[in-house]
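Here, each number is a calculation from the coordinates, and none is a lab measurement. What you are looking at is a predicted structure, and each value in this text was computed from that prediction instead of being measured. Neighbour counts run over all protein chains shown; Cβ positions are idealised from the backbone, glycine included.
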There are 2 protein chains.
Amino acid sequence: MKLMRVTDPDHVLKIIAEHFVPLKSEEMVLEKAGGYCLAEDIYAPENIPDFNRSTVDGYAVAAKDTFGSGEGIPAVLECVGEVAMGQPAPSIGSGQCCLVHTGGMLPPEANAVVMIEDTDVTGAMIQCFRQVAPGENVIHRGEDLKKDDPALAKSHRLRAPEIGLLASLGITAVKAHRRPVVGFFSTGDELVNYSRAELKPGQIRDSNAPSLLYLAEQAGAEPKYGGILPDNFDAFLEQSRSMLQEVDILVFSGGSSVGSRDYTARTMQELGQPGLLVEGISIQPGKPTLLANCGGKPVLGLPGHPVSALNIFKIFGGAIIDRLAGREGKRFRPTVKAALTRNISSRSGRTDYVRVKLTNSGEGFNAVPVFGRSGMLRTLAEADGLLVIPAEKEGLSAGESVEIEIWD
Amino acid sequence: MKLMRVTDPDHVLKIIAEHFVPLKSEEMVLEKAGGYCLAEDIYAPENIPDFNRSTVDGYAVAAKDTFGSGEGIPAVLECVGEVAMGQPAPSIGSGQCCLVHTGGMLPPEANAVVMIEDTDVTGAMIQCFRQVAPGENVIHRGEDLKKDDPALAKSHRLRAPEIGLLASLGITAVKAHRRPVVGFFSTGDELVNYSRAELKPGQIRDSNAPSLLYLAEQAGAEPKYGGILPDNFDAFLEQSRSMLQEVDILVFSGGSSVGSRDYTARTMQELGQPGLLVEGISIQPGKPTLLANCGGKPVLGLPGHPVSALNIFKIFGGAIIDRLAGREGKRFRPTVKAALTRNISSRSGRTDYVRVKLTNSGEGFNAVPVFGRSGMLRTLAEADGLLVIPAEKEGLSAGESVEIEIWD
């Protein structure tokens, strides 16, 4: 009996980083660029802001005109007008000030703003009850970014703040790495399309396809469904070869039986060099996972059990998508802290993912393990997230503080 | 001078939960239902699975035929055939077995499966080196879900596992709460559209609009941009009234000066009853936030500074979107643990959000605060996430372990 050669999950991530490269870049408009990773360094084409701006509502002053003033001894300045928003500021002379709103431009002679709360108005005269230091309540020209400063580096991912930063620079289009197209095949003669109303004995609906397509979309890829492959090697290979030409990543799901696995592995060897890289991962659920590099394109063979398939695709499919999308470094894996409600055993040398439901104990969260076989989707639908038991651990005890990765 | 009445952030979330209700439901196809919240209870229309299935590759047996067997004393069974995937299983008699693949149907007389690793084949005779208990390596009919069992409850959000679960039941469409449409207006005469190449003195580009539109999309809403409102109350009110009819949530951004804030607040009072609910939040950055209920529709007035606007929209805009989308309970707020690299002061009675960059120290993450005014988008683009300092704290010390909410 041939044993499965299993690879450590961290090593699989290294293989992904080493074997694959980011996709070509394309020019895209800023409104559509959220989530993409830059394929170019961006430098500021101008100063941000391009003029000295007030950060408060108040009076623009020369700071020295307020020196020595305080609660009982106001500085008295003459107000010569108001800075209209979006307009150049008027000039002020010594002992003068002008009204300015948040975001308004400072007169060239002003270097600080006295907040409106610290003033009193008597006709055209303003009493300032607080002295201000030069620069106080002012954002200076170029303070956010100076012209020609590096603004964003290559492979930086565009989140909302980056979109805003680029918009503030007047940049309306960027070069970013293309979003990977992921092709999905389901395998197994027992499967029928999930829209089939009546099942014959022995048949089950292909529930992995729609959930994996959604996961791929969430991970930032464009999913493409190829249908259910027959348990016939020639047809299997031919359809796979044709799909691989149209996509950046190819994923097989459902072939957990030896027969399906065998077709998948043989197909991976035929589709391109160097072929199969990983034939099992020391992870539970999800051990019987296949990964290949077929002529530079990643091909992933997921275990057939739905819970395993989703878990593996989330971790390794996600890492492949990130790599091709040009994302720098690893994703953070934020967690919610919780108290484990019962003992859990785990085999050393294997990373275990345990489904848990989080309940509010009043003082924080309790992590309640949801047990069930890896074929049972209901258990995953009941779970809020996954508890990861690292390979070096042999289990966890009730009451222990644990960290839960939320399944969103 | 009128002081701003500030509301505690948790109380603002309570106000949102009390004042607003989920949007009407609509029927949608399962492939497009990811991220939506159910507006109906779902019961299983059939058993899942609908037949006893093997969870491994092996031989389907009557468990009692293997009792007493072991490493040196195999039970010997006659193999009468193979269960073809997707086909009814053949019958077996006493002392017989048949080959079954993972997911294959069990013969009616079989109640367990011996894993292929625990057998040896000699012609038609199979030696089993391990006894199996009844039910071993089998998922029973109805084990995942029994016909008429509750499968998913109303307001459950559809993630990948739920999509799979519904697909396995043959459910191709569901009733779910509509995705909220969020209308955005920018306010302030200093603003010009971000695509404007040349700026006049005193003008700045409207960078909040594109970043907020992207945030709204990420939060599960459909954004709609209404443009930049003039500093003219009649036009301001008229355009707002017309937009409010077309959207579920209305958001004003940019009006942080007293004038703009005043227009926004007055508009909120005019647009519908009961009007203004919140006129400030004890949070930093983001204090000058307005929230109103205008005839049942939420209207949010964001502070003008970009960092404040994004922070507030993420927290409270997100909560409003969740509420209207019918999401049950609060979102989890997962974090990454890190060691703070320096002291941070904070005012008691106010929740502070500090931008931090996470660096890998080898033994975990360091949280390096990124300082800068709330007008500076660059500081948020440099930050990986936010450190929350609760209102009751007066600061944090270098070396302290902190939890960072990742900004994605």
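For segment B:336-406, what class follows from the C-alpha gyration tensor (a ≥ b ≥ c being the square roots of its eigenvalues): rounded when a/c is under 1.5, otherwise prolate if a/b is larger than b/c, else oblate? Note, shape of segment B:336-406 comes out oblate. The angle between the Cα long axis of helix A:233-246 and the longest principal axis of the Cα atoms of chain A comes to about 20 degrees, rounded to the nearest 10. Sorted from nearest, the other copies put their B:Gly93 label points 12.0 nm away, the label point being 7 Å from Cα in the direction of Cβ. Distance from the Cα centroid of segment A:371-407 to that of segment A:254-315 is 23 Å (rounded to whole angstrom).
Segment A:219-251 and segment B:26-44 have Cα centres separated by 28 Å. Chymotrypsin sites (Phe, Trp or Tyr not before Pro), restricted to segment A:336-404: which are DSSP loop and have at most 12 other Cβ atoms within 10 Å? For chymotrypsin sites (Phe, Trp or Tyr not before Pro) across segment A:336-404 that sit outside H, G, I, E and B with at most 12 neighbouring Cβ atoms in 10 Å, the list reads A:Phe371. Projected label points at A:Lys200 and A:Glu27, each 7 Å from Cα along the beta carbon direction, are separated by 5.5 nanometres.
Taken about its Cα centre, segment B:336-406 carries a charge dipole of roughly 300 debye when the Cβ of each Lys and Arg holds +1 and the Cβ of each Asp and Glu holds -1. Using every pair of distinct Cα positions in segment A:123-203, the Kirkwood expression returns a hydrodynamic radius of 20.1 angstrom. In chain A, the longest principal axis of the Cα atoms and the axis of helix A:258-271 are about 60 degrees apart.
Since only A:Gly135, A:Asn193, A:Val181 are under comparison, the one whose Cα sits farthest along the positive direction of the charge dipole of segment A:120-194, derived from C-beta charges on Lys, Arg, Asp and Glu, is A:Val181. Restriction of the chymotrypsin sites (Phe, Trp or Tyr not before Pro) in segment B:24-91 to DSSP coil positions whose beta-carbon has at most 13 other beta-carbons within 10 angstrom yields B:Phe67. Beta-bridge orientation, chain A: approximately 70 percent antiparallel, per DSSP, counting only bridges with both partners inside.
The relative contact order of segment A:53-139 comes to 43 percent, based on Cα pairs under 8 Å that sit 6 or more residues apart. Separation of segment A:169-200 and segment B:51-67, taken as the distance between their Cα centroids, equals 35 angstrom. The DSSP beta bridges internal to the protein assembly as shown are antiparallel in roughly 70% of cases.
Measuring against 28 Å, Cα to Cα, the residue pairs A:Lys32/B:Lys32; B:Lys24/B:Lys337; A:Lys357/B:Lys147 contain B:Lys24/B:Lys337 as the ones spanning a longer distance. Rounded to two decimals, the Cα radius of gyration of the protein assembly as shown over 2.2 N^0.38 Å is 1.11.
Among A:Gly272, A:Pro108, A:Val76, which residue has its Cα positioned farthest towards the positive end of the charge dipole of chain A, with +1 placed on the Cβ of Lys and Arg, -1 on the Cβ of Asp and Glu, and the dipole taken about the Cα centre? Result: A:Gly272. Taking 0.36 nm per residue of separation and subtracting the Cα-Cα distance, full extension of the segment from A:Asn193 to A:Val80 would add 33.1 nm. Loop-located GluC sites (Glu not before Pro) in segment B:190-263 (DSSP state not H, G, I, E or B) with no more than 11 neighbouring Cβ atoms inside 10 Å: B:Glu198. Each residue of segment A:286-300 was assigned a 3J(HN,Hα) from its phi angle through the Karplus expression (A = 6.51, B = -1.76, C = 1.60, θ = phi - 60°), giving x, 3, x, 9, 10, 9, 9, 10, 10, x, x, 9, x, 10, 10 Hz with x at Gly and Pro. For segment B:53-139, a Kirkwood hydrodynamic radius built from all Cα pairs, placed in the Stokes-Einstein relation at 10 °C and 1.306 mPa s, yields a translational diffusion coefficient of 131 µm²/s. Of all DSSP bridge pairs formed entirely within segment B:30-119, close to 75 percent run antiparallel.
Extending 7 Å from the Cα toward the beta-carbon at both A:Lys64 and B:Gln245 defines two label points whose distance is 5.9 nm.
For segment A:308-331, the residues whose amide N sits under 19 Å from a probe point set 7 Å from the Cα of B:Glu117 along the beta carbon direction are A:308-309. The calculated FRET efficiency for A:Lys14 paired with B:Phe371, based on their beta-carbon distance and R0 = 45 Å, is about 0.80. Using R0 = 45 Å, the C-beta based FRET efficiency linking B:Glu400 and A:Lys146 works out to 0.85. Per residue of the protein assembly as shown, what 222 nm ellipticity follows from adding -39500 (n - 2.57) for every DSSP H run with n ≥ 4, rounded to the nearest 500? After summing the helix terms and dividing by the residues of the protein assembly as shown, the value is -5500 deg cm²/dmol. Relative to the longest principal axis of the Cα atoms of chain B, the long axis of helix B:208-218 makes an angle of roughly 20 degrees.
If R0 is 51 Å, the Cβ-Cβ spacing of B:Leu237 and A:Ser361 corresponds to a FRET efficiency of close to 0.60.
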